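The values are calculated or read from the model by the stated rules, or taken from the named source; none is laboratory data. Owing to the predicted nature of the structure, the values given are computational and were not obtained by experimental measurement. Here the Cβ positions follow ideal geometry from the backbone for every residue, glycine too, while neighbour counts run over all protein chains shown. Heads up: the accessible areas ignore ligands, DNA and RNA and are worked out on the full protein's heavy atoms, side chains in. Shrake-Rupley method; radii C 1.70, N 1.55, O 1.52, S 1.80 Å.
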Amino acid sequence: MSQNKIQPDFLKPGDEVAIISPSFYIDESKIIDAVSYLEKWGLKVRVGKNASRHSGPFAGSDDERLSDLQEMTNNAAIKAVICSRGGYGVSKIISKTDFSALKNNPKWYVGFSDITILHLWLNEVCGIISLHGEMPLNYNNPDKTVHAFTSLKNALFGNHSSIEWEEDSYRAANVSGELTGGNLSLIYSMNGTAAEISADGKILFIEEVGEYFYHIDRMLTSLKLAGKLKGLSGLLVGGMNKIEEAKLPWGKSIKETIYDIVKEYDFPVFFNFPAGHIEDNRALYIGRQSRIDVKGKKVVLTFL
């Protein structure tokens with residue numbers, strides 16, 4: 001896929017957006033609250049007819065979740081498709097989705113966690129830039145930072161140019177490239193599919209939650225064996241939250257684990273990036289050309 005991906009038009013007041021639930025189910029009250037939240041941004045909001053369904057852990061059957069994703073993809077009036085939450089389920093419907101309508105009417109797709117599958121498919125298969133950011137499940141979560149939501153709004157409306165955080169890096173250097181990635185487990189799960197990451201010259205962003213230390217090592221080692229780390233411009237490590245020991249102690253920190261895997265390469269690794277399953281989950285454009293600059297004790301990611 002060419003590095004020059006299609007960027008949807010930024011939103012403006014009066015635009016219509018949709019909320020769908022392509023993964024796990026969500027309480028209807030959170031959907032209702034999210035509609036009000038987005039309306040305060042000056043947006044019109046349409047809710048997928050199956051967004052509040054409940055089938056086992058999922059928001060409806062595969063066909064019901066696919067139906068909402070397909071309907072909102074086909075509808076040219078919808079300028080952004082906002083996924084209500086993650087969990088699991090997008091991979092079960094992604095290959096059945098027809099994204100051909102995006103050729104003439106590209107639009108934003110928003111979410112993170114399990115929605116990484118959608119981001120990678122849009123990026124690698126369709127050539128569309130998408131938005132990794134907070135979802136309706138957390139819109140009223142008091143633990144989330146103000147920046148998590150202001151960055152989401154600014155990103156959708158075209159006012160989000162950079163993210164700054166405290167410097168904590170390995171082989172610090174200024175780099176540039178297309179930003180790709182998302183949740184590590186989902187990136188790993190797409191190896192061997194049409195949506196596996198193409199990493200050459202790119203900045204790879206990873207984040208994770210609720211995994212064992214050795215699972216982190218295994219997934220990164222798999223990406224390494226598949227040649228997905230060799231040509232990176234840089235590695236951007238976001239939240240690594242609730243990473244646990246297994247029965248046998250791992251004995252290394254996340255940083256040490258990543259050091260060991262990438263030590264033979266020469267790209268920089270940046271830690272503590274404010275995105276992922278953490279309170280300060282900043283919005284970022286997946287598929288957009290970006291630059292990372294080290295400025296003293298600060299690091300700045302700029303979207304080009």
Per-region count, the stretch 140-155, residues surrounded by 14 or more Cβ atoms within 10 Å (Cβ to Cβ) and among the β-branched types (Val, Ile, Thr) = 2
query = From 232, 236, 223, which residue is at pLDDT 95 or above, part of a helix (DSSP H, G or I) and surrounded by 12 or more Cβ atoms within 10 Å (Cβ to Cβ)?
reply = 223
inquiry  = Can you find a residue that is part of a strand (DSSP E or B) and open to solvent by less than 70 Å² (accessible area, probe 1.4 Å) anywhere in the stretch 88-105?
reply    = no
note = Filter the stretch 172-220 for residues that are part of a loop (DSSP other than H, G, I, E, B) and either touching a Pro at 6+ places or on another chain (Cβ under 9 Å) or aliphatic (A, V, I, L, M) (or both); the one that is farthest from residue 261 (Cα to Cα) is 194
ask   = Out of curiosity, is residue 137 closer than 19 Å to residue 276 by Cβ, open to solvent by 10 Å² or more (accessible area, probe 1.4 Å) and of a type in the set (A, V, I, L, M)?
value = yes
request  = Would you point out the residue of the stretch 109-128, among those that are over 11 Å from the mean Cα position of the chain (by Cα) and open to solvent by 10 Å² or more (accessible area, probe 1.4 Å), that is nearest to residue 277 (Cα to Cα)?
outcome  = 121
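Does any residue of the stretch 280-292 turn out to be open to solvent by 60 Å² or more (accessible area, probe 1.4 Å) and either over 27 Å from residue 122 (Cβ atoms) or not in a loop (DSSP other than H, G, I, E, B) (or both)? Steps first, please.
Our first condition is that a residue be open to solvent by 60 Å² or more (accessible area, probe 1.4 Å); within the stretch 280-292, this holds for 291.
Checking the rest, the ones that are also either over 27 Å from residue 122 (Cβ atoms) or not in a loop (DSSP other than H, G, I, E, B) (or both) come to 291.
For the stretch 280-292, residues open to solvent by 60 Å² or more (accessible area, probe 1.4 Å) and either over 27 Å from residue 122 (Cβ atoms) or not in a loop (DSSP other than H, G, I, E, B) (or both): present.
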query = Where residues in the stretch 35-57 are of a type in the set (A, V, I, L, M, F, W, C) and without any contact (Cβ under 8 Å) to a residue 60 or more places away in the chain, which of them is most open to solvent (accessible area, probe 1.4 Å)?
reply = 47
inquiry  = I'm trying to understand the selection: among the residues of the stretch 98-134, which are in contact with a strand residue (DSSP E or B) (Cβ under 8 Å, 6 or more places away or on another chain), small (Gly, Ala, Ser) and without any contact (Cβ under 8 Å) to a residue 60 or more places away in the chain?
reply    = 111
Index of the failed condition, residue 79 passing every other in (1) crowded, with 20+ Cβ neighbours inside 10 Å; (2) charged (D, E, K, R); (3) touching a helix residue (DSSP H, G or I) at 6+ places or on another chain (Cβ under 8 Å) = (3)
ask   = touching a residue at least 40 places away in the same chain (Cβ under 8 Å), surrounded by fewer than 17 Cβ atoms within 10 Å (Cβ to Cβ), acidic (Asp, Glu) and more than 24 Å from residue 125 (Cβ to Cβ) - does that describe any residue in the stretch 7-24?
value = yes
